[in-house]
Amino acid sequence: MLSDRVESQGGLLAEQGPGAGAGCRLQRANEAASAGILIGDDTIVIRHCIPIASAPRRIAARQPPVASITRRAVKVSFCVRRVLSPLLANILLDDLDRELEARGHRFARYADDLLVLVKSERAGQRVKASLTAYLARRLKLPVNEHKSRVTAIDECVFLGFTFRRGKLRWSEAAFDDFKHRVRELTGRSWGVSMRYRFEKLAQYVRGWMGYFGISQYYRPIPELDEWLRRRVRMCYWKQWRGCRTKVGHLLALGSGKRAAILTAISSKSYWHLSRTLATQTGMTNDWLKAQGLVSVRELWMKAHG
């Protein structure tokens, strides 16, 4: 079944956000969404958000520092956020996992985020009401009604992913966050060296693709690489500043003399000039890769074997 077990808490303690454990649950949810009658746009999803983290956090915050009564007192501190909340969620919701298994539901849960798949909207409303009552009566836990809903599978977002035509994709919100962060790391006004910029960019892109790389949506991948290379060329163009410096760098990289001069003296924007003949023949894809620019396509291909 797709349930979380209390025995598997070790992986959660090492995470500061959705990571390997979340990816495993997403793959299981994708398998459930693709199994048998659940294929297609008519699949109904019950999305539950159970705000159990706030109560244990308040309780834990009131506790005095733990001290061992031996020859000397030793203060033990712990992090309540990000570590304790997923642990308490899995402990408290283990009974819910067993209940869903007993009912024969297909479901996936990560911490207090729960996804249940049923066959129709009517069944979804019935199961949602039943689970809400079970949580309130048995576990004394409230359900966030604003985040809980019954919807079609292609309209549901779970751990940053959505399901379209039986395939797993990253959500639009997650993709917008990725592009926003890349814009920050490749901003031409960020006064850092290109070496440091490449290091930070590689860390973020590898981390993002390490999680979202299981997406089966390939179409935007080549466009992402092109966009990323253009952003980096724009940073180089801004960093070179003077016309003579720009012409010298372009000639050293193999651009034609006429094209290099015309591009260097142009008054057009940095973004526009980052996609000219001179900048693209000088700062080639292979040259950018040698400087340390990572390829989104290569990371995606590696994630899919």
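The values are calculated or read from the model by the stated rules, or taken from the named source; none is laboratory data. Note that the structure is a prediction, hence the values are computed from the model and not measured. So basically every Cβ, Gly included, is an ideal-geometry build from the backbone, and we count neighbours across all protein chains shown. To get the accessible areas, we keep the full protein, side chains included, count just its heavy atoms, and leave off ligands, DNA and RNA. Shrake-Rupley method; radii C 1.70, N 1.55, O 1.52, S 1.80 Å.
General observations
- For Ile221: the one exception among (1) touching a residue at least 24 places away in the same chain (Cβ under 8 Å); (2) open to solvent by 60 Å² or more (accessible area, probe 1.4 Å); (3) touching a helix residue (DSSP H, G or I) at 6+ places or on another chain (Cβ under 6 Å): (2)
- Residue in region 91-113 that is farthest from Lys140 (Cα to Cα), counting only those that are free of Cβ contacts under 8 Å to residues at least 60 places away in the same chain and either among the basic types (Lys, Arg) or open to solvent by 40 Å² or more (accessible area, probe 1.4 Å) (or both): Gly104
- Contacts under 7 angstrom Cβ, first residue in region 151-174 being on the phi < 0 side of the Ramachandran plot and hydroxyl-bearing (Ser, Thr, Tyr), partner in a loop (DSSP other than H, G, I, E, B) and at pLDDT 85 or above, 6 or more apart: Thr162/Ser171; Ser171/Gly160
- Count of region 133-158 residues which are open to solvent by 30 Å² or more (accessible area, probe 1.4 Å) and assigned to a helix (DSSP H, G or I): 5
- Of all the numbered requirements in (1) of a type outside the set (D, E, K, R); (2) open to solvent by less than 20 Å² (accessible area, probe 1.4 Å); (3) not in a helix (DSSP H, G or I), Ala278 misses one, and that requirement is (3).
- Restricted to region 159-262, the set of helices (runs of 4 or more DSSP H) holding at least 2 residues that are of a type in the set (Gly, Ala, Ser) comprises 172-185, 194-212, 243-253.
- Residue ID - nearest to the chain's Cα centre (by Cα), chosen from residues in region 260-275 that are among the hydroxyl-bearing types (Ser, Thr, Tyr) and open to solvent by 30 Å² or more (accessible area, probe 1.4 Å): Tyr270
- Close contacts from region 263-275, counting a first residue that is within 18 Å of Gly248 (Cα to Cα) and a second that is at pLDDT below 95 and open to solvent by 70 Å² or more (accessible area, probe 1.4 Å), with Cβ to Cβ under 7 Å and a gap of 6+ residues or different chains, come to Tyr270/Arg188.
- Taking the criterion of being part of a loop (DSSP other than H, G, I, E, B) and among the hydrophobic types (A, V, I, L, M, F, W, C), the residues of region 87-132 that qualify are Leu93, Ala111.
- Filtering region 174-207 to residues that are open to solvent by less than 60 Å² (accessible area, probe 1.4 Å) and over 23 Å from Trp271 (Cβ atoms) leaves Ala174, Gly207.
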